[in-house]
Amino acid sequence: MLFNKPFSDVTFDDIQKLSDEQIEESMILDYKQELNDYSIIKQVTAFSNTKGGYLVYGVVETGKGGHPQSINGIDGDLNKERLEQIILGNIVPRVSVQIKKIPVPDTDRVILLVHIPEGQSKPYYNNQDKRYYKRYNFSATPMDENEVEWLYQSRFFGTSKLERYIDETIYFSQNKLPHELQLQGIEGHVVITPLKIDGQMFEPSPDFGHELMELHSDKVKDCTSYLSDSIRPSKFGIKWDDADPLRNASNKVEVHRNGLVHSMKICGSSFKENSVKRFDDELLACNLLQTIRFTSTFYSKINYIGNVKIMVKIFNCANSILTNGENEYTEQIKCDSEEVLVERQWDSWKLEEDSLLIAKYIMDEISNYYGSWSSRLFHEEEGIIKYGV
């Protein structure tokens, strides 16, 4: 990381430090004196297609590849939201960036700091001038046909690899369930993962797991406990579950070395002969909310920033009806699907602040399978989404 702190905490002192320490441009850093729409689209495309990085607008450098010579800033009236829309509307696939205006002391000018995560769906296309760019020799350079073709192939095989890995993760967990639960239980799986799962993002250890538990405990709200006290190493990384097989089946959380997070919870069952199969959507919604927030904590700890896939998959739900654990809802419609799959993509750094919005979108779609337009568990008050029955 260029700055040893969260992006939101970067101040003018950090920018000044780049000048004081004569930090030169590199593969992940570019200084710009002025801002214009054409330039930022081109630069963001190039960084996305390479290793990601930082654009610092409002800095005069000593020369190409040089260090800051002076920090003059740019017009402080620039519209950050407009800039975000320009980037979103002119790069394909969609690219999300972090943007921060940093006031220059004793002036009405600002430094514009833009953080571009490395793209996970390369290649990215500059739809404004119809070219693909990469970061090379301190500038945005057009890519040749072979480079573009190779990135498309990597994207295709990377997507297939991710799908296979998620299937393996879920299948492995299902095989650990008692046979009776495999037949009768309604399994709710929540998976949140980077779009690329190459490499190891952290080293599993008891200390890492306990630190993660402590960080997450400060964010627990709306729902009951999420992580068990039992923390163990696993095939994939670290898992929290209970030694008792039935309790283990009811809730399990696992973080993988490659950044994937998987949570499984039994959200309903039908053990009595001829009884109605009941699906407790509140159990799933709570687990989904907790998993989103826990994953946000996990990604902050390992300094991961990028796009993520959020997937909820429900098994054995055919002919089930919705229940809150005690009472069935009136005018019930049975689910006619054996499995329910809902997917979304989101920016990792927005998981915490958007957790209720994400959960609402997903639970609304799940409710459609039961004949409801929206989930009973979420409602809006004056534009603010709230959770609760």
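The values are calculated or read from the model by the stated rules, or taken from the named source; none is laboratory data. Note that the structure is a prediction, hence the values are computed from the model and not measured. Positions of Cβ are generated from backbone atoms using ideal geometry, with glycine treated the same way; all protein chains shown enter the neighbour counts. Side chains are part of the model used for accessible areas, which takes the heavy atoms of the whole protein and leaves out ligands, DNA and RNA. Shrake-Rupley method; radii C 1.70, N 1.55, O 1.52, S 1.80 Å.
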Check: If a residue has to be assigned to a loop (DSSP other than H, G, I, E, B) and under 16 Å from Pro93 (Cα atoms) to count, how many in region 128-151 make the cut?
Finding: 3
Notebook entry, point to check: Can you tell me which of Gly199, Gly209, Gly188 is closer than 24 Å to Glu343 by Cα and not in a loop (DSSP other than H, G, I, E, B)?
Noted result: Gly188
Note to self: Restricting to region 298-318, give me the number of residues that are at pLDDT 95 or above and surrounded by fewer than 21 Cβ atoms within 10 Å (Cβ to Cβ).
What the structure shows: 3
Check: Among the residues of region 62-89, which ones are in contact with a Ser or Thr (Cβ under 9 Å, 6 or more places away or on another chain), charged (D, E, K, R) and either surrounded by 12 or more Cβ atoms within 10 Å (Cβ to Cβ) or within 25 Å of Tyr125 (Cβ to Cβ) (or both)?
Finding: Glu84
Note to self: Looking only at region 224-243, filter to residues that are open to solvent by less than 30 Å² (accessible area, probe 1.4 Å) and either at pLDDT 90 or above or closer than 21 Å to Gly199 by Cα (or both); which one of those is farthest from the chain's Cα centre (by Cα)?
What the structure shows: Ser234
Check: If Tyr361 satisfies every condition in (1) under 20 Å from the mean Cα position of the chain (by Cα); (2) part of a loop (DSSP other than H, G, I, E, B) but one, which is the exception?
Finding: (2)
Next item on the list: Only one of these is without any contact (Cβ under 8 Å) to a residue 40 or more places away in the chain, farther than 25 Å from Ile86 by Cβ and either of a type in the set (Lys, Arg) or in a strand (DSSP E or B) (or both): Arg155, Arg164. Name it.
Entry: Arg164
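Rundown of residues vs (1) of a type in the set (Lys, Arg); (2) at pLDDT below 85; (3) in contact with a Ser or Thr (Cβ under 7 Å, 6 or more places away or on another chain); (4) surrounded by fewer than 19 Cβ atoms within 10 Å (Cβ to Cβ), yes/no style:
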site	(1), (2), (3), (4)
Arg247	yes, yes, no, yes
Lys277	yes, yes, yes, no
Gln290	no, no, no, no
Phe294	no, no, no, no
Asn327	no, yes, no, yes
Glu331	no, yes, no, yes
Asp336	no, no, no, yes
Check: Looking at region 200-223, which of its residues are open to solvent by less than 70 Å² (accessible area, probe 1.4 Å) and modelled with pLDDT of 90 or more?
Finding: Met201, Phe202, Pro204, Ser205, Phe208, Gly209, Leu212, Met213
Next item on the list: Report the residue count in region 45-98 for those that are touching a helix residue (DSSP H, G or I) at 6+ places or on another chain (Cβ under 8 Å) and not in a strand (DSSP E or B).
Entry: 10
Margin query: Between a residue in region 122-147 that is of a type in the set (Asp, Glu) and any residue that is open to solvent by less than 40 Å² (accessible area, probe 1.4 Å), which pairs come within a Cβ distance under 9 Å, given they are 6 or more apart or on different chains?
Written below: Asp129/Ile41; Glu147/Asn49; Glu147/Pro123
Next item on the list: Give just the number: which of (1) surrounded by fewer than 21 Cβ atoms within 10 Å (Cβ to Cβ); (2) over 24 Å from Gly306 (Cβ atoms); (3) touching a residue at least 24 places away in the same chain (Cβ under 8 Å) does Leu2 not satisfy?
Entry: (2)
Check: Considering region 362-389 alone, what residues qualify as being under 24 Å from Pro194 (Cα atoms) and either among the small types (Gly, Ala, Ser) or buried (at least 18 other Cβ atoms within 10 Å of the Cβ) (or both)?
Finding: Ile362, Met363, Ile366
Note to self: Of the conditions (1) touching a Lys or Arg at 6+ places or on another chain (Cβ under 7 Å); (2) open to solvent by 70 Å² or more (accessible area, probe 1.4 Å); (3) under 15 Å from Leu322 (Cα atoms), Gln345 satisfies every one except a single condition; which number is it?
What the structure shows: (3)
Check: Residue check, Asp167 against (1) modelled with pLDDT of 90 or more; (2) over 21 Å from Arg344 (Cβ atoms); (3) open to solvent by 20 Å² or more (accessible area, probe 1.4 Å), all met but one. Which one?
Finding: (2)
Next item on the list: Identify all residues within region 28-40 that are more than 20 Å from Val110 (Cβ to Cβ) and of a type in the set (A, V, I, L, M, F, W, C); write none if there are none.
Entry: Ile28
Note to self: Among the residues of region 174-182, are any of a type in the set (S, T, N, Q), open to solvent by 10 Å² or more (accessible area, probe 1.4 Å), in contact with a Phe, Trp or Tyr (Cβ under 7 Å, 6 or more places away or on another chain) and not in a loop (DSSP other than H, G, I, E, B)?
What the structure shows: no
